[in-house]
Amino acid sequence: MSVKNAIYFFVFVFILVGVFGISAWVALDQLKGTPLSYAAIAFIWGITLAVLYLAFDKAGWDWWGS
């Protein structure tokens, strides 16, 4: 893996961990552990992944290419 791809990978991981952590904390705090909170977390994560995928695709980042 080249340095550029490693940087892209770690940026992606850090963004995911940060957004997932914040969304999980907010959903669990606001919904007080109801089953709806777990559905909200999954929904937020799905939206986040879709947005990140589209943003990185639009930016033309080639993650797995050589």
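The values are calculated or read from the model by the stated rules, or taken from the named source; none is laboratory data. Quick caveat: nothing in here was measured; it's all calculated off a predicted structure. Neighbour counts are summed over all protein chains in view; Cβ atoms, including those assigned to glycine, are modelled from backbone coordinates with ideal geometry.
Descriptive notes on the structure:
- In this entry, LEU36 is excluded by the filter for residues that are among the aliphatic types (A, V, I, L, M), within 17 Å of the chain's Cα centre (by Cα) and either within 19 Å of PHE9 (Cα to Cα) or at pLDDT 75 or above (or both).
- Any hit, the stretch 5-12, residues being loosely packed, with under 14 Cβ neighbours inside 10 Å, at pLDDT 80 or above and not hydroxyl-bearing (Ser, Thr, Tyr): yes
- Positions within the stretch 19-33 being surrounded by 11 or more Cβ atoms within 10 Å (Cβ to Cβ) and not polar (S, T, N, Q), in sequence order: VAL19, PHE20, ILE22, ALA24, TRP25, VAL26, ALA27, LEU28, LEU31
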